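The structure appears right after this line, and notes come after that.
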Amino acid sequence: MKSLLSNVRGDLTGGLTAGIVALPLALALGVASGLGPMAGLYGAIAVGFFAALLGGTPSQISGPTGPMVVVIAGLFASLSGDVGMIFTAVMLAGVLQIIMGFTGVGQYIRLVPYPVISGFMTGIGAIIIILQLGRLMGHETSGGTMGALQYLPTALSDVDFVTLALGLGTLLIAYKWPAKLGKVVPGALAALIIGTLVSLTIETPVLGSIPSGLPEIHLPIFDQSTFLLILEAAFILAVLGAIDSLLTSLVADNMTRTRHDSNRELIGQGVGNTVAGLIGGIAGAGATMRTVVNIRSGGKERLSGMVHALVLLAIVMGLSPLAAQIPHAVLAGILVKVGLDIIDWSYLKRAHTGPRWDFALMLLVLGLTVFVDLITAVGVGVVLAALAYVRQIAQLQLEEVKKIPESLGDPEEDALLKQTQGKVQVFSFGGPLSFGAAADLGHHVREKVKDGSSALILDFTRVPSMDVSAAMAVETITSDAKAAGREVIMCGANEAVEKVLDNINAHQSGVRVFDTRKQALIRAVELVNSPGKSQGSLGATGPVTHM
């Protein structure tokens with residue numbers, strides 16, 4: 001309670017300002033979802049209040065966002081407008097987020113690579129703009145992104161220039177509204193008011209009758225024929241909402257010099273979305289722009305987000321007659337600005353100067369987001385980024401094979417190695433050994449084994465961990481060496497590496513194991529000096545190969 005009331009004046013100001021900024025966005029995003037403006041407001045109220053009360057980022061403002069609306073609009077089209085099913089998906093998404101929070105998934109969501117995040121956020125921005133193009137020209141489209149693109153030639157052949165001028169004028173006001181006036185009336189709200197007043201003098205489609213008062217309760221509905229579709233949509237909403245919220249949390253951390261609690265934030269967002277679906281609201285997440293407005297206006301604690309939600313609730317109780325006069329074109333203009341703001345322009349401007357693979361990955365995710373679906377885009381992006389990273393690390397590990405240092409770094413060990421007369425080779429593996437390097441590990445070792453070697457020392461002193469694939473590669477190395485009549489000596493493995501090697505049977509019979517490299521070298525000297533010991537088939541020096 002002390003923390004909640006530690007910044008009352010700043011939180012009241014920040015919450016009030018954020019609430020005013022959120023109003024036109026909630027209305028516009030509600031319309032874009034297909035569920036209507038009030039669904040946007042109810043979602044902003046529920047998610048905004050409970051995410052602030054229970055979440056892990058005190059200064060964050062939550063509500064409907066572009067990514068969530070894109071998914072809901074797609075679900076609306078797939079279910080032919082069955083609102084009961086859609087609100088069930090929203091509730092289920094909230095439950096999944098709560099589970100994610102309690103199971104500690106938050107820390108892993110933050111591991112999504114930046115090009116993947118940039119790609120799907122830019123794709124979402126593009127989708128929002130594409131869906132509004134027809135409405136800007138005085139037409140209503142259906143069929144999602146592809147339907148909107150296919151209808152575009154028809155819309156261009158029959159443009160309502162009055163509607164187009166109203167929409168573009170709204171967009172221009174939202175962008176060019178003076179910063180000084182923005183402190184009193186935010187640009188998006190000014191665009192909404194001015195556009196609506198102008199529309200009173202012309203004939204253009206408006207929102208029409210809107211219910212007022214408190215929302216109705218929507219209990220979850222489960223239908224076997226649509227359950228998988230709802231479950232998939234709920235999963236996408238939960239994951240996208242988590243990513244969106246945690247990215248906004250990072251922005252808030254940078255501005256307030258604090259550190260958010262990822263898992264608690266997911267729980268708060270989950271409760272908010274569960275309640276949103278229950279009262280007929282659309283799903284929401286942490287909203288970057290509204291959070292920035294709140295912090296810049298003085299909001300720092302949970303009270304600011306709760307005030308923002310209560311401001312919207314107060315507006316809902318008496319807004320309906322006025323909101324009914326808002327033109328579709330005005331909301332379309334505001335949504336185009338939302339889409340343009342979501343696009344990652346900063347990365348697009350600098351992408352050509354960075355690694356080409358990262359830019360290609362970003363474009364791939366962007367294309368999949370727009371033309372396939374969001375979950376495929378994120379899934380493919382994460383898998384490809386992970387494989388590229390594993391490949392990069394594997395290359396670094398294998399490159400070490402080619403390096404032949406002049407000494408082991410210890411005079412006593414160098415002296416022992418010299419006594420082996422070039423008949424013993426030391427392979428000193430470096431760093432974690434994983435499946436990325438496993439495929440080529442045995443090949444590279446075989447290439448470096450010199451003819452005439454009578455023994456191999458496999459040194460794991462610098463290996464902190466090893467997976468099953470790498471252990472299998474080590475087993476192959478030992479089998480090949482023994483088949484060639486060479487003794488295999490292992491040393492330096494820690495407890496974790498030792499356990500993996502034992503489990504995979506890399507310690508085959510006849511493989512000697514020592515705690516230190518020095519002990520292994522002493523054994524190697526004894527081996528070379530033992531009379532009657534068979535030698536390798538070919539002769540050479542005994543370099544030390546680090547890998």
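The values are calculated or read from the model by the stated rules, or taken from the named source; none is laboratory data. Source: prediction; values computed, not measured. Every residue, glycine among them, receives a Cβ derived from its backbone with ideal geometry; neighbour counts consider all protein chains shown.
In table form, for the structure just shown:
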{"read-out": "Test: residue in the stretch 277-299 that is surrounded by fewer than 23 Cβ atoms within 10 Å (Cβ to Cβ) and under 17 Å from residue 97 (Cα atoms)", "value": "yes"}
{"read-out": "Any chance residue 193 is without any contact (Cβ under 8 Å) to a residue 24 or more places away in the chain and more than 32 Å from the chain's Cα centre (by Cα)", "value": "yes"}
{"read-out": "Which numbered condition residue 26 misses (of (1) over 23 Å from residue 174 (Cβ atoms); (2) in contact with a strand residue (DSSP E or B) (Cβ under 8 Å, 6 or more places away or on another chain))", "value": "(1)"}
{"read-out": "Which numbered condition residue 482 misses (of (1) over 19 Å from residue 416 (Cα atoms); (2) modelled with pLDDT of 65 or more; (3) surrounded by 13 or more Cβ atoms within 10 Å (Cβ to Cβ); (4) within 44 Å of the chain's Cα centre (by Cα))", "value": "(4)"}
{"read-out": "Residue within the stretch 443-463 that is modelled with pLDDT of 75 or more, more than 19 Å from residue 525 (Cα to Cα) and part of a loop (DSSP other than H, G, I, E, B) present", "value": "yes"}
{"read-out": "In the stretch 409-443, residue farthest from residue 459 (Cα to Cα) [restricted to those that are surrounded by 21 or more Cβ atoms within 10 Å (Cβ to Cβ) and under 31 Å from the mean Cα position of the chain (by Cα)]", "value": "436"}
{"read-out": "Cross-chain or 6+ apart pairs with Cβ under 9 Å, the stretch 468-484 first and within 16 Å of residue 429 (Cβ to Cβ), then among the polar types (S, T, N, Q) and crowded, with 18+ Cβ neighbours inside 10 Å", "value": "481/453"}
{"read-out": "Matching option when the condition is modelled with pLDDT of 85 or more, aromatic (Phe, Trp, Tyr) and either in contact with a strand residue (DSSP E or B) (Cβ under 9 Å, 6 or more places away or on another chain) or not assigned by TED's automatic domain parsing to the domain that holds residue 246 (or both), among 87, 50, 76, 102", "value": "50"}
{"read-out": "Test result for residue 192, out of contact with any His (no Cβ under 6 Å at 6 or more places or on another chain), more than 12 Å from residue 94 (Cα to Cα) and part of a helix (DSSP H, G or I)", "value": "yes"}
